[in-house]
Amino acid sequence: MAAGKDAGGTAATSRAPLEPADFAKLEPWLTQEIGAERVAISNAALLAGGAVQQNWRLSVDVTGGPRGGSHEWVLRTDAAASLDVSLDRTSEFRCIEAAYRAGVKVAEPIAVSSDLALIGRAFAIQALVAGNAQGRRIVRDPALSAFGDALAREIGRELARIHSVRPTNGTLSFLPVPVVNPSRREVATMRKALDGASEPRPALEYILSWLDANAPEPRAITLVHGDFRTGNYMVDNGRLTAVLDWEFCHWGDPREDLGWFIARCWRFGNDDKVAGGIAKLASLLDGYNAEAEIKVAASELLYFEVLAAARWATISLLQGDRFIRGGERSLELALTGLMPPEMEWDALDIIDRLAERGRIT
Amino acid sequence: MSQPHKKLGAEALLDLVAEAFKSEIAPALPADKRYLAAMIGNAIEISRRELAVEDEALAFRLLDYVYDDGDGTLPQLARDIRSGAVNDATHPELRARLRAHLADELNVRNPRFAAGRGAKA
């Protein structure tokens with residue numbers, strides 16, 4: 001199941017926090033990884049945020065090889081609490097590489113390691129990219145009216161580039177290709193997750209039954225980012241600089257990403273700006289359809305909005321269970337666990353509207 | 001000023017705690033504690049509202065539509081909807097009843113969201 005950035009069941013582990021001195025151990029490894037003669041890490045600074053994983057800014061001097069020169073890179077550690085629905089750091093890195101090759105704006109992937117002997121956890125290194133990724137700040141930017149529509153078109157083009165990656169010639173062969181309708185697969189995954197949840201949700205079960213009965217056939221199976229929403233891309237001066245958080249990447253129906261992006265729960269209160277709280281839907285689809293091989297109409301996305309709402313409702317419930325059942329004493333997790341009725345309401349609202357139009361029961 | 005309370009108990013105390021926390025404690029906290037303070041204020045308010053309603057009474061409003069008086073539970077309803085035993089054909093008002101139940105929940109958990117969506121308890 002694709003999910004929110006720190007969603008899912010957990011296997012909490014405690015580890016000593018990293019210290020800047022730990023990064024000296026990376027120098028010989030990195031020298032080999034990037035084909036350099038010598039690598040020196042002159043500074044390491046912990047960046048703000050990152051409750052689930054840590055982000056360190058590294059100042060790196062490279063001598064020789066294709067990356068010779070001074071660089072600012074970011075080292076992202078694996079989550080301290082590993083998540084059973086997300087890709088491991090190496091698999092995520094391979095997805096980022098595939099997206100990078102397809103021309104998607106991502107922080108350039110540099111190197112990845114799952115060798116715990118290095119710094120005690122898996123990590124990936126990417127180029128540092130300027131920008132802000134805080135959803136609430138982006139949708140409340142006073143200049144949003146000036147850049148929102150152009151940003152949405154840009155995001156549409158990026159999504160289309162992600163969806164240009166297809167499961168052919170062994171691309172990302174570690175990701176399972178769906179053998180059933182990918183939307184029904186999502187429903188099955190959510191039902192399985194709900195089987196172990198602490199709270200019964202009849203409305204959510206109703207929504208899942210509706211999704212199962214009304215699942216459209218995919219017109220293509222493509223790479224799906226799985227968590228592309230406002231808050232998971234970086235913006236600098238009103239321009240997109242990087243798409244973040246690829247740990248829920250999978251093969252699926254590309255409309256799933258569009259539905260997730262426009263879901264009401266990811267508009268941060270800017271409900272009239274359907275495209276992620278930043279712009280009108282037409283702008284997003286203009287950008288998408290200008291680049292995509294398979295064009296998408298707005299009317300196709302209502303189903304995927306319901307799917308997105310159901311997914312976030314399920315994830316929220318699981319977040320609450322991390323406190324109730326998993327022993328993670330977090331007020332934020334507990335409050336998130338109370339949110340499912342919000343997404344269920346929005347999903348039933350769409351289903352009601354479709355039923356009134358006589359399109360779907 | 002908030003409504004008077006029927007008795008001096010948990011709900012009334014939490015009403016005062018929420019007010020004191022929001023008006024006197026939270027504003028005095030440093031900036032890096034504001035998010036936590038907002039969550040604490042929210043949690044107190046949710047707890048106060050939950051005490052003011054009877055959870056079971058809300059559930060029965062939904063369950064009594066589907067099951068004989070007193071026979072059903074929410075886990076059973078969830079199972080029956082998934083299995084298809086309870087659906088729009090067997091219970092034509094099912095979706096409307098589910099929405100009414102959600103409106104009840106939202107008015108406890110997030111009244112601002114409920115008001116914004118016109119979800120009346």
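Which one is modelled with the lowest pLDDT, of the residues in the range A:324-361 that are in a loop (DSSP other than H, G, I, E, B) and within 12 Å of another protein chain (Cβ to nearest Cβ)?
Initial filter on the range A:324-361 (in a loop (DSSP other than H, G, I, E, B)): A:325-330, A:337-339, A:357-361.
Imposing the further condition that a residue be within 12 Å of another protein chain (Cβ to nearest Cβ) reduces the set to A:330, A:337-339, A:360-361.
Details: A:330: 90, A:337: 96, A:338: 97, A:339: 97, A:360: 56, A:361: 50.
The selected residue is A:361.
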Note: among A:76, A:89, A:94, just one is within 17 Å of the chain's Cα centre (by Cα) and at pLDDT 95 or above, namely A:94
With criteria (1) of a type in the set (A, V, I, L, M, F, W, C); (2) under 18 Å from residue A:156 (Cβ atoms); (3) out of contact with any strand residue (DSSP E or B) (no Cβ under 8 Å at 6 or more places or on another chain), residue A:213 comes up short on (2)
Filtering the range A:248-265 for residues that are more than 14 Å from residue A:276 (Cα to Cα) and either of a type in the set (Gly, Ala, Ser) or not assigned by TED's automatic domain parsing to the domain that holds residue A:184 (or both) leaves a count of 1
Restricting attention to the range A:4-25, does a residue exist that is modelled with pLDDT of 85 or more, outside the structural domain of residue A:249 (by TED's automatic domain parsing) and over 22 Å from residue A:116 (Cβ atoms)? no
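Charged (D, E, K, R) and either assigned to a loop (DSSP other than H, G, I, E, B) or not assigned by TED's automatic domain parsing to the domain that holds residue A:155 (or both) - does that describe any residue in the range A:297-316?
Within the range A:297-316, the first condition is being charged (D, E, K, R), and the residues that meet it are A:300, A:305, A:311.
Now restrict to residues that are either assigned to a loop (DSSP other than H, G, I, E, B) or not assigned by TED's automatic domain parsing to the domain that holds residue A:155 (or both): none.
No, the conditions are met nowhere in the range A:297-316.
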The strands (runs of 3 or more DSSP E) lying entirely within the range A:57-165 that contain at least 3 residues which are at positive phi and not assigned by TED's automatic domain parsing to the domain that holds residue A:292 are none
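So which strands (runs of 3 or more DSSP E) stay within the range A:176-264 end to end and still have 1 or more residues that are of a type in the set (Gly, Ala, Ser)? Working first, answer last.
Details: elements: A:222-224, A:233-236, A:239-243, A:250-252.
The qualifying strands (runs of 3 or more DSSP E) are A:239-243, A:250-252.
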Exactly one of A:218, A:182 is touching a residue at least 12 places away in the same chain (Cβ under 8 Å) and touching a Phe, Trp or Tyr at 6+ places or on another chain (Cβ under 9 Å), and that residue is A:182
Of those in the range A:173-196 that are surrounded by 17 or more Cβ atoms within 10 Å (Cβ to Cβ) and in contact with a Ser or Thr (Cβ under 8 Å, 6 or more places away or on another chain), the residue farthest from the other protein chains (Cβ to nearest Cβ) is A:175
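The values are calculated or read from the model by the stated rules, or taken from the named source; none is laboratory data. In this text, all values refer to a predicted model and were calculated from it rather than measured experimentally. Every residue, glycine among them, receives a Cβ derived from its backbone with ideal geometry; neighbour counts consider all protein chains shown.
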